[in-house]
Amino acid sequence: MTLLDLQGLTKAYPGVVANSDISFAIGKGQIHALLGENGAGKSTLVKTIYGLVRPDAGTMTLEGAPFTPTDPRAARAAGIAMVFQHFSLFDALTVAENIALGMENPPKQRELAQRIREVSENYGLPLSPDRIVGDLSAGERQRVEIIRCLLQDPKLLIMDEPTSVLTPQEVEILFGTLRLLASEGTSILYISHKLEEIRALCEHATVLRLGKVVGTCDPRETTSRDMAELMVGTTLMTPKRDGEALGDDVLVIEGLTAPAPHQFGTALKNVCVSVKSGEVLGIGGVAGNGQDELVAALSGEMPVDAAMVALDGQAIGDLDPNTRRKIGLCAAPEERNGHAAAPDMTLTENALMTAKTRLGLSKNGFLDWPSARDFALSVIEGFDVRTPGPETAARALSGGNLQKFVIGREILQKPRVLVVNQPTWGVDASAAAAIRQALLDLAGEGSAVVVISQDLDEILEIADRFAALNEGTLSPAVPTAGLTMERIGLMLGGAHDMEAAHVEA
Amino acid sequence: MDINPILLLAALMVASTPILLAAIGELVVERSGVLNLGVEGMMIVGAVCGYIAGHSSGNPYLGFVGAAAAGAALSLIFAVLTQFLLTNQVATGLGLTMFGLGLSSLIGQGSKGSPDLTVSKLHIPLLADIPVIGPILFQHDVMVYLSVAIVAGVWAFLKYSRAGLILRAVGENHDAAHALGYNVRAVRVLAIMFGGACAGLAGAYISLVRVPQWIDGITAGAGWIALAIVVFASWKPWRLIAGAYLFGGVTVLQLNLQAEGLKIPVEYLSMAPYLATIVVLVMIRAGRAPASLGKSFHPST
């Protein structure tokens with residue numbers, strides 16, 4: 001039984017065709033995945049279904065009748081509900097008020113509060129209607145959106161990247177709810193680029209690339225790699241490195257100890273590790289175990305004792321970030337918007353901010369704008385950053401593109417040591433592969449690279465040695481060759497000395 | 001000293017009414033996420049238009065209607081500039097104030113009034129005869145009660161009505177409101193026009209009741225005080241009354257003290273209402289501003 005049938009949907013914006021002749025059908029009670037990289041046209045397509053965008057050509061049929069929503073209200077009235085990627089919530093209002101705003105004919109507040117409690121209990125999504133939304137966690141905020149949708153008995157629930165802000169436990173709760181809904185006959189259109197999630201949840205997938213449908217598959221019977229290659233359109237390259245010999249120690253961290261910088265921070269305890277020229281050191285661990293503090297201590301944002309960090313034999317632990325850049329240590333922190341880049345400034349300005357020292361982009365206190373622009377252009381070209389140009393504001397770039405820019409900006413400064421935190425977080429498959437390759441290339445040219453990541457597959461793919469960060473303590477680094485997941489799990493759990501203990505026993 | 005506290009308190013309500021009217025209008029505008037700094041300009045255009053309309057028709061209430069229309073019309077310029085041409089709200093609001101001051105001077109040239117035109121005081125049966133409270137609260141003109149009624153109406157509208165909820169939502173997060181299918185621009189244009197109409201009424205109250213005559217620059221900064229009081233009231237209607245009456249109270253008190261010939265330089269007394277407002281502003285922790293306040297909204301993003 002088909003619920004929604006799309007035929008030949010086309011939508012062009014000036015200079016780009018977002019959707020071109022897209023046709024597929026969603027069945028009743030089906031969990032249908034919509035896959036694609038950033039910029040593949042997923043968002044435009046769901047906005048069309050939700051009435052935010054009007055297609056240039058093509059038709060939609062909902063339960064056999066033509067469906068042409070002129071605005072989101074019309075779509076909601078027809079039974080389409082949507083949970084947005086960036087929550088469309090109002091922080092200063094209560095849960096009940098937020099939900100009322102998303103409904104066509106909301107009941108009286110008291111009645112509504114009662115229904116919110118009922119639905120939240122039925123679907124295992126605990127939520128109190130009187131709380132102020134600004135005080136809720138990301139998972140709870142998403143519940144508000146979902147309950148808002150469920151109260152309208154939708155026929156089709158659209159979920160746009162719903163898990164990007166959730167903890168693994170919250171993801172499990174969400175999947176339980178979605179499966180229950182599907183079993184009751186609600187169709188779900190699930191948009192994501194997290195392939196493992198789609199394999200666990202969805203029964204059918206449509207893959208978009210550059211605005212076109214390029215394939216369909218049953219995710220339960222297709223490997224993640226095959227789906228990723230469908231999305232990207234080429235065989236996904238596995239990062240390769242030249243088997244060059246490692247050089248001398250470049251970065252030496254010796255007894256790095258620092259108190260927690262703020263209330264929710266983690267203290268670093270006697271971290272000792274060294275990285276050789278041409279080597280990639282991978283540091284794994286669950287978030288909040290000292291990653292941010294380690295990056296801050298290495299980049300110079302958090303000065304420590306001089307002797308704790310040494311670069312080419314020079315003690316640099318007490319230097320500020322710009323002096324460290326000058327000597328050859330560059331860093332790219334995890335948070336792209338607001339930490340690695342200033343969101344409202346242009347790419348040229350952002351490029352200038354970290355590259356000024358190393359590339360001599362200022363003369364006698366005046367900025368050399370033409371050179372800065374050239375440098376930004378070389379980052380954009382060299383790292384395939386998709387943007388209209390270097391005068392674009394950083395916040396206008398998608399996550400993957402901005403990440404490529406941030407990493408590229410540091411790499412093109414040819415640092416002796418590069419420290420990156422979560423280099424491919426929230427980045428689609430092909431961009432992630434490009435970033436990893438660039439890091440390996442940098443190491444191939446003789447730099448030392450420190451990659452801090454929660455993605456263990458990433459670390460195993462590119463790192464020569466692996467160390468685990470656990471409550472501010474770093475395990476001894478071990479070669480990644482021949483490392484098993486079981487061993488990594490033990491290291492992450494803090495049991496670094498287990499083997500030694502066995503030997504002694 | 002010889003100040004009659006009953007008369008003082010009664011005068012307080014009259015002195016506060018223009019500020020209260022202008023402030024409640026601006027409160028609605030700011031709750032919808034727009035910062036209109038043109039209150040002073042809209043007030044003074046309302047003052048001159050209300051004066052002319054009232055005296056040429058011989059009916060002061062027609063004067064108030066005209067003032068509200070003039071204030072709303074002037075605010076519409078602001079609305080078109082900021083909501084459709086996406087100009088900066090601060091600069092446009094300041095421009096509106098300057099424009100209003102000049103325009104009112106131009107319109108008001110040679111305007112003549114008749115001394116007979118008065119807004120009669122109500123004498124509410126029974127209540128007005130209560131000793132002390134009667135003269136303070138229940139022997140004013142209809143605009144005093146209208147201003148309080150507008151505050152009550154705005155409070156109920158924001159708290160209980162769906163339209164009020166939508167208005168708050170637009171001021172809180174215009175992108176989310178747009179995504180849910182609400183017309184952000186339409187809501188804001190209506191809010192701005194309501195603010196303009198209220199400012200117009202406020203100006204006319206000065207030129208028709210409080211002074212009552214037309215002189216250039218008659219509003220004398222009352223619009224700016226109204227703006228400050230909106231912040232001091234944390235964008236909450238009831239607190240607005242407290243703020244407006246505090247300012248009005250100190251104004252009336254210092255006028256009385258001047259008349260008494262107190263041995264303090266007059267300049268200090270004239271400063272008192274502004275100082276009192278600033279002190280209270282500093283002492284009270286201002287609440288949370290609407291999150292989208294002052295930001296331009298473009299529906300395509």
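A few notes on this one:
- The mean number of Cβ atoms from other chains found within 10 Å of a Cβ in peptide A:95-106 is 3, as a whole number.
- The residues neighbouring B:Val144, those whose beta-carbon lies less than 13 Å from its own, together hold a net charge of +1 under the Lys/Arg +1, Asp/Glu -1 convention.
- Total formal charge among the other residues, if their Cβ is under 14 angstrom from that of A:Gly338, Lys/Arg +1 and Asp/Glu -1: -3
- Here the peptides A:147-159, A:338-350 are ranked by packing, the mean other Cβ count within 10 Å, and the order with the highest first is A:147-159, A:338-350.
- A cut-off under 14 angstrom between Cβ atoms defines the neighbours of B:Val154, and their net charge, with Lys, Arg +1 and Asp, Glu -1, is +3.
- Residues in region A:151-157 carry Karplus couplings, in order, of 5, 9, 6, x, 8, 10, 10 Hz; the curve used is 6.51 cos²θ - 1.76 cosθ + 1.60 with θ = phi - 60°, and Gly or Pro positions show x.
- Per-residue mean of C-beta atoms belonging to partner chains within 10 Å, peptide B:160-170: 3
- Relative protection proxy for B:45-54, A:73-82, A:304-313, from highest mean packing down: B:45-54, A:73-82, A:304-313 (other beta-carbon atoms within 10 angstrom).
- Of the peptides B:263-270, B:179-186, A:106-113, the order by per-residue mean of other Cβ atoms within 10 Å, starting with the highest, comes out as B:179-186, A:106-113, B:263-270.
- Loop sites in region A:125-227: GluC sites (Glu not before Pro), DSSP, at most 13 other Cβ within 10 Å: A:Glu184
- Structure-based [θ]222 nm, chain B - -39500 (n - 2.57) summed over DSSP H runs of at least 4, per residue, nearest 500: -22500 deg cm²/dmol
- Taken as entire DSSP H runs, the helices of chain B that both span 18 Å or more between Cα atoms along their own long axis and average 1.6 or more on the Kyte-Doolittle scale are B:5-31, B:60-79, B:142-160, B:266-283.
- Chain A: DSSP helices with Cα axial extent of at least 15 Å and average Kyte-Doolittle hydropathy no lower than 0.0: A:168-183, A:369-382, A:429-444
Where a number appears in this text, it was derived from the coordinates with a stated rule and is not lab data. Treat the numbers as computed from the prediction; the structure is a model and nothing was measured. Heads up, the Cβs are rebuilt from the backbone with ideal geometry, glycines too, and the neighbour counts pull from every protein chain shown.
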